[in-house]
Amino acid sequence: QIQLVESGGGLVQPGGSLRLSCVASGSIFSIYLMGWYRQVPGKQRELVATMVSGGDRTYADSVKGRFTISRDNAKKTVDLQMNSLKPAVPAVYYCSSTGVLASTIAAEEADYWGQGTQVTVSS
């Protein structure tokens, strides 16, 4: 069974930093894309940052220059370093994996989401 488990959320003051981590567990051969999305109550889930296995990164305009995504293909982890955090409504950050190929015969690629971890930026 393939799962994504996030960690690192919490309460941080404006201007502070927080690091989110996500690990994909299970019999996984490869993962094409890993990333982070966030959602606030009443709004759609939005992209924060993604990174493909080859190294290309994509960021939301609102986080460019402040957030950094990194991943370890061998360990099947993806991290999000968030700096200069701005006051905001509490958001749940979700880890996402796209194009996950299991280490089983005739496996087909699938997508997975983590359960989410809440981030609150407030004084």
Cβ-Cβ under 6 Å pairs, at least 6 apart or on other chains, the range 59-87 side in contact (Cβ under 8 Å) with a residue 12 or more places away in the chain, far side basic (Lys, Arg) | Ile69/Arg57; Val78/Arg71; Gln81/Arg19; Asn83/Arg66; Ser84/Arg66
Test: Val48 is of a type in the set (Val, Ile, Thr), touching a Leu at 6+ places or on another chain (Cβ under 8 Å), surrounded by 20 or more Cβ atoms within 10 Å (Cβ to Cβ) and under 26 Å from Ile2 (Cα atoms) | yes
The range 37-60, subset among the hydrophobic types (A, V, I, L, M, F, W, C) and not in a loop (DSSP other than H, G, I, E, B), residue farthest from Thr98 (Cα to Cα) | Val48
Condition test on Val40, is it at pLDDT 95 or above, open to solvent by less than 50 Å² (accessible area, probe 1.4 Å), of a type in the set (Val, Ile, Thr) and out of contact with any Pro (no Cβ under 6 Å at 6 or more places or on another chain)?
-> yes
Which of the residues spanning the range 100-123 are in a strand (DSSP E or B), in contact with a Phe, Trp or Tyr (Cβ under 6 Å, 6 or more places away or on another chain) and open to solvent by 50 Å² or more (accessible area, probe 1.4 Å)?
-> Trp113
Out of (1) open to solvent by 70 Å² or more (accessible area, probe 1.4 Å); (2) farther than 14 Å from Phe67 by Cβ; (3) of a type in the set (Asp, Glu), the one Glu6 does not meet is (1)
Could you tell me which of the residues Ser84, Ser70, Ser97 is surrounded by 12 or more Cβ atoms within 10 Å (Cβ to Cβ), modelled with pLDDT of 95 or more and outside any strand (DSSP E or B)?
-> Ser84
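The values are calculated or read from the model by the stated rules, or taken from the named source; none is laboratory data. Being a predicted model, the structure only gives us computed values, none of them experimental. Note that each Cβ is placed from the backbone with ideal geometry, even for glycine, and that neighbours are counted across all protein chains shown. What goes into the accessible areas is simple: the full protein's heavy atoms, side chains included, and nothing from ligands, DNA or RNA. Shrake-Rupley method; radii C 1.70, N 1.55, O 1.52, S 1.80 Å.
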